[in-house]
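Below is one structure, written out as structure tokens; comments come after it.
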Amino acid sequence: MLVLGIDPGSRFLGYGVVECRADRPLHVGSGVVRGDEQAPLHHRLRTIFSELKLLVRLYRPDAMAVEGLFTHKNARSALILGHARGVVLLLAAQENLDVFEYAPARVKKSVGAGGNDSKSAVARMVERLLQLPGPLQRTDAYDALAVALCHVHQLRVPGGSGGRSQSRKLSAGQRRGVDQSFLARLKPAVERAG
């Protein structure tokens, strides 16, 4: 089984492909999709979409694991990250990929790095677990591989349902960009206004 891990971003989107094997996970490929920092956001999102689509068609993963949102102090950064995640989820839906979301702290823990450990600690653990031949260019690729490893580890949990019990498998509505919990919270306000 091939798992495509994604570390979302609008300037640098990390990706990592890991094969789930009986003996140990195997690094298949990884890298970064780069958006032109000088380009408007919609052009960067188009780049992410088109290049990620090529990667999905090249590797033909069985599942996509995406790092979940974490609290941002900067609302603008959170919004831009949300746009990049939306593009990733749209592509997954178009390619009929199951999507599994993992919280950043869970990803770190799954590779043996603590929740407060630095990105360099995650990179060292990913290098060790996947026996990478050399360092990767950017931490975004390490983070994406860590997300893929998190899903691989979840698949190996006895009784684990491929991440469904410990992660949040996105429903078809969520893959279409509809957050059901948000809609449920919004419904009383809409009814009062109507």
| Whole-angstrom gap from the range 4-54 to the range 86-130, using each part's C-alpha centre | 12 Å
| note | Interchain or sequence-distant (5+) residues whose placed amide H lies within less than 5 Å of the amide H of G68 are Y102, A103
| said: Using a 1.4 angstrom probe on the protein heavy atoms only, could you order L129, L54, L45 from most to least accessible area? | reply: L54, L129, L45
| query | Taking a 1.4 Å probe, which of L130, L58 shows the most accessible area, and what order do the others take after it? | reply | L58, L130
| field | Karplus 3J(HN,Hα) series, Hz, for the range 32-43 with 6.51 cos²θ - 1.76 cosθ + 1.60 (x for Gly, Pro) | value | 9, 8, 9, x, 5, 4, 8, 7, x, 3, 5, 6
| task | Would you please put 35-42, 119-126, 140-147 in order of how densely packed they are, using the mean number of other Cβ atoms within 10 angstrom per residue and starting with the highest? | result | 140-147, 119-126, 35-42
| Taking amide hydrogens as modeled 1.01 Å from N in the peptide plane, which residues meet the under 5 Å criterion relative to L97, leaving out close sequence neighbours? | none
| Of the peptides 85-92, 20-27, how do they stack up when ordered by the mean number of other Cβ atoms within 10 Å, highest first? | 85-92, 20-27
| Given H placed 1.01 Å from N in the peptide plane, which residues other than close sequence neighbours of G29 have an amide H under 5 Å from its amide H? | V17
| message | Run the numbers for E37 and R128: contour at 0.36 nm per residue of separation, minus the present Cα-Cα distance, in nm. | response | 29.6 nm
| message | What FRET efficiency comes out for L79 versus A22 if R0 is 30 angstrom and r is the Cβ-Cβ distance? Round to the nearest 0.05. | response | 0.10
| message | Placing one identical point scatterer on every Cα of the range 1-63 and ignoring solvent, what is log10 I(q)/I(0) from the Debye formula at q = 0.14, 0.21 Å⁻¹? | response | -0.42, -0.79
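The values are calculated or read from the model by the stated rules, or taken from the named source; none is laboratory data. These numbers come from a predicted model, not from an experiment. Here Cβ is always computed from backbone atoms with ideal geometry, including for glycine, and neighbour counts include all displayed protein chains. Note: accessible area is taken over every heavy atom of the protein model, side chains too, but ligands, DNA and RNA are not part of it. Shrake-Rupley method; radii C 1.70, N 1.55, O 1.52, S 1.80 Å.
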